[in-house]
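The values are calculated or read from the model by the stated rules, or taken from the named source; none is laboratory data. From a predicted model like this one, the values you see are computed outputs, not experimental measurements. Neighbour counts are summed over all protein chains in view; Cβ atoms, including those assigned to glycine, are modelled from backbone coordinates with ideal geometry. Just so you know, the surface numbers come from the protein's heavy atoms only, side chains and all, with ligands and any DNA or RNA stripped out. Shrake-Rupley method; radii C 1.70, N 1.55, O 1.52, S 1.80 Å.
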Amino acid sequence: MSARSDGALEEQIGQWRAYLRRRRALDARDVEELETHLRDQVGALIQAGLAEDEAFLVAVKRMGSLDALSREFAREHSERLWKQLVIGADDDAAPKTVRRTETLVVLALAVAAALAIKIPALFGLKIGDQNDEAFYARNASFFVLPFLTGYFVWKRHTDPRRCAWLAVPFIAAAVAVNAFPFTHGSHTQALSVLHLPMALWLVVGLAYVGGRWFQGGGRMDFVRFSGELFIYYVLIALGGGVLTAFTMMMFKAIGMTPDWIAQDWLVPCGAMGAVLVGSWLVEAKQSVIENMAPVLTRLFTPLFTLLLLVFLATMAWTGRPIDIQRNVLIAFDLLLAVVLGLVLYAASARDHEAPPNLFDRLQLLLIASALVVDALALAAIASRISEFGFTPNRVAALGENLILLVNLAWSAWLYAGFLRGRAPFGALEAWQTAYLPVYSIWAAIVVVLFPPLFAYA
Amino acid sequence: MDLGKDLVAASSTPLVLAILAEGESYGYAIIKRVKELSDGHLQWTDGMLYPVLHRLERQGLVASKWVSPSSGRRRKYYRLTKAGRAELEAERRRWQMVDVTLNRIWLRACLA
C-alpha cells in the first residue's frame with residue numbers, strides 16, 4: 001500500500017529523504033528501505049482516518065530519532081564511514097552519468113597536464129638538464145594551472161565566453177617571464193619563479209568561485225579548497241614516492257637502471273597530474289578532509305605559538321640579529337604564512353556563534369608573537385636597505401613582510417575585539433578573505449615589474 | 001507496559017527470527033506482526049528494526065532480496081536461513097530456561 005502522491009506529502013517525504021541521505025552511515029538502499037517503511041506507515045495512518053500531514057508527523061515520530069538511528073547504522077556498518085574515501089562509493093545526489101562524465105573530464109585534463117610538461121622535450125629541452133632547469137622553473141605553472149582553471153570553468157558551468165579573459169593573465173605572464181632577458185642565476189628570475197604560482201593562484205580562485213567572489217562565502221570556500229588540496233597533494237606525493245621507489249627497486253632487481261623513467265616521466269608527469277586529481281578529490285570528498293584541517297590547526301597552533309615565543313626569548317637573550325639572506329627571508333615569510341593559515345583555518349572551522357574560549361586566547365597570542373617576529377624581520381630588512389641600498393630580494397621581502405604585518409596587526413585588533421566581546425567573529429573572517437587578492441597582486445608585481453625595474457639582475 | 005530498553009533489545013532477535021520463521025517478510029510487516037502478537041504492548045521505535053535486520057543478515061541468520069512488484073515501490077524481503085533456524089531454536093531454549101527459572105521462584109513466592 002502506498003501513500004497517494006499528493007504534492008505536499010511528496011515534498012515532505014522528499015525532505016525527510018534528503019535529510020537521511022546526508023547521514024554517512026546510511027547508503028542509498030537503506031534510505032530506500034526506510035522510505036518504503038515510512039510510506040507504508042503513512043498510508044496505513046491515512047486509511048485509519050488521519051490527515052496527510054498528521055500521518056506524516058506520526059510516521060516520522062514512530063521512526064524514531066534519526067541521530068540514534070544513524071548511530072545504530074554506523075555501529076552495524078562501520079566500514080561505510082571508511083568507504084566514503086573511495087571514489088564513487090558515496091551516493092551523491094548527482095546522477096551517475098554526471099559523475100562518470102566528471103571522472104572522464106578530470107582524467108583527460110590530468111593526462112593533458114602530464115603530457116603538456118613533456119611538450120618542451122620535443123624541442124630538445126630536457127628535464128634535469130642544468131641549462132634547461134630555469135625554463136622549467138619559470139614555466140611550471142603554465143603546464144598545470146590553465147588545466148585546473150579549465151576544470152573549474154567546466155565544473156561551475158561558467159559561460160566560457162564570459163570567462164575567456166581568465167586566459168589573459170596566463171598568456172601575459174607566459175610572455176613576460178619567457179621574454180625577459182634574464183641572465184643565468186639572476187635574483188629577479190628566482191623571485192619571478194617563486195611568485196608566479198602565487199599570482200596565478202588568484203586566477204584559479206576566480207574560476208573556482210565561478211562568479212561569486214564577492215558573495216556567499218566563495219572566497220572562504222576557496223581558502224578551504226586550497227588547504228585541502230595541499231593535504232591531498234602531500235598524500236598523493238607520498239604515494240607517488242613509494243611507487244617510484246618500487247619501480248626503481250624492481251627494475252634494478254633484473255639488472256636495469258631506469259632512472260630516466262622516474263626522472264623524465266613519473267615525477268614530472270605525476271606532479272602535474274596530481275594537482276588535477278587532488279582538486280577533483282577535494283571537490284568530491286570535501287567532507288572528509290574538512291575535518292582534517294581544523295584538527296591539524298588545533299594540534300599545531302600551540303606548537304607554533306611555543307616556537308615563536310621560544311624564538312623571541314632566545315633572540316632577546318642572545319641579542320643575535322636576523323641574518324637576511326634570501327632563503328632565510330623566504331623561510332620567515334613562510335612561517336608567517338603558516339601562522340596566517342592556522343588563523344584562517346581555525347576561523348573557517350569555527351562556530352561563529354560560540355563565545356570566546358581558551359583556544360581563541362591562544363590564537364591571539366600566536367598572532368601577537370608572529371607580529372613581533374614580523375616586526376623584527378622588517379627592522380632587519382629596513383636597516384640592511386638603508387645601509388646597502390635596494391636589491392630585488394630585499395624589496396620583495398620588505399613588501400611581503402609589510403603585507404603580512406598589516407594583516408597580522410589588523411587580525412590581532414579584530415581578535416582582541418572579539419575576545420572582549422566588542423566585535424563579532426565574522427569580522428575576522430571577512431577581513432582575511434578580503435585581504436586575499438593583496439598577496440596575489442603583490443606577487444604579480446614581483447613577477448612582472450621587478451625584472452625590468454632591477455635590470456634583470 | 002514499559003518493557004525497558006534492554007529487554008526490548010534482548011527480545012528483538014528471537015522475535016524477528018520467529019516472525020521470519022512464519023515466512024519471508026519485510027520491515028513494516030514485521031513491526032505490524034510484533035504489535036499484533038504483543039497486543040500492542042511491545043512498541044519498537046520503527047527505525048531501529050532495520051539495524052537489527054542488517055545485523056542478522058551480516059551474521060548469516062537471515063538473507064534478503066529486493067522484490068519489485070509490477071506496480072508500486074520495490075521492497076527488501078527477509079527470510080530465515082538454515083543457520084537462522086538453528087539460532088531460533090537455541091534462542092527458544094534460552095528464553096524457556098529463563099521463563100522456567102522465573103516461574104519456579106514466582107510459584108514458590110505464591111505458595112509461601
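Only residues that are part of a helix (DSSP H, G or I) and either within 8 Å of chain B (Cβ to nearest Cβ) or within 12 Å of residue B:45 (Cα to Cα) (or both) were counted across the range A:59-74, and they come to 10. Of everything in the range A:216-263 that is more than 20 Å from the chain's Cα centre (by Cα) and charged (D, E, K, R), the residue that is farthest from residue A:426 (Cα to Cα) is A:252. Only one of the numbered conditions (1) outside any helix (DSSP H, G or I); (2) crowded, with 17+ Cβ neighbours inside 10 Å is violated by residue B:66, and that is (2). If you go through the range A:49-66 one residue at a time, do you hit one that is surrounded by 19 or more Cβ atoms within 10 Å (Cβ to Cβ) and modelled with pLDDT under 85? Within the range A:49-66, not a single residue is surrounded by 19 or more Cβ atoms within 10 Å (Cβ to Cβ) and modelled with pLDDT under 85. Restricted to the range B:82-112, and to residues that are in contact with a helix residue (DSSP H, G or I) (Cβ under 9 Å, 6 or more places away or on another chain) and open to solvent by less than 80 Å² (accessible area, probe 1.4 Å), which residue is farthest from residue B:23 (Cα to Cα)? Once the filter is applied, the top-ranked residue is B:91.
Selection within the range B:33-63: residues that are part of a helix (DSSP H, G or I) and at the interface with chain A (Cβ under 8 Å from one of its Cβ atoms). The member of this set that is surrounded by the fewest Cβ atoms within 10 Å (Cβ to Cβ) is B:58. Among the residues making up the range B:69-97, those that are in a strand (DSSP E or B), of a type outside the set (D, E, K, R) and within 14 Å of chain A (Cβ to nearest Cβ) are B:77, B:78.
Pairs are defined by a Cβ separation below 9 Å, a sequence spacing of at least 6 or placement on different chains, a first member in the range B:15-38 that is modelled with pLDDT of 90 or more, and a second member that is exposed (fewer than 15 other Cβ atoms within 10 Å of the Cβ) and assigned to a loop (DSSP other than H, G, I, E, B); the pairs so defined are B:33/B:22. Entry remark, the range B:8-30: residues being open to solvent by 10 Å² or more (accessible area, probe 1.4 Å), facing chain A (nearest Cβ under 9 Å) and assigned to a helix (DSSP H, G or I) number 2 in total. For residue A:243, the stated conditions do not hold, so it cannot be described as touching a helix residue (DSSP H, G or I) at 6+ places or on another chain (Cβ under 6 Å) and either closer than 30 Å to residue A:325 by Cβ or assigned to a helix (DSSP H, G or I) (or both). In the set A:245, A:284, A:253, A:262, only one residue is within 21 Å of residue A:109 (Cα to Cα) and small (Gly, Ala, Ser); that residue is A:284. The residues on offer are B:3, B:56, and the sole one that is more than 24 Å from residue B:74 (Cα to Cα) and out of contact with any His (no Cβ under 6 Å at 6 or more places or on another chain) is B:3.
When residue A:391 is tested against (1) open to solvent by less than 50 Å² (accessible area, probe 1.4 Å); (2) under 30 Å from residue A:423 (Cβ atoms); (3) not hydrophobic (A, V, I, L, M, F, W, C), only condition (2) is not met. For the condition modelled with pLDDT under 90 and touching a Pro at 6+ places or on another chain (Cβ under 8 Å), residue A:11 does not qualify. Comparison of A:98, A:111, A:144, A:86 shows that the only residue that is within 23 Å of residue A:274 (Cα to Cα), modelled with pLDDT of 85 or more and open to solvent by 40 Å² or more (accessible area, probe 1.4 Å) is A:111. Filtered by the rule that a residue be open to solvent by 40 Å² or more (accessible area, probe 1.4 Å) and touching a helix residue (DSSP H, G or I) at 6+ places or on another chain (Cβ under 8 Å), the range A:329-349 gives A:330, A:337, A:338, A:345, A:349.
If you take the residues in the range A:14-41 that are open to solvent by less than 10 Å² (accessible area, probe 1.4 Å) and more than 9 Å from chain B (Cβ to nearest Cβ), which one is modelled with the highest pLDDT? Among those that are open to solvent by less than 10 Å² (accessible area, probe 1.4 Å) and more than 9 Å from chain B (Cβ to nearest Cβ), it is A:31.
Restricting attention to the range B:29-79, the residues that are of a type in the set (Phe, Trp, Tyr) and over 16 Å from residue A:29 (Cβ atoms) add up to 1.
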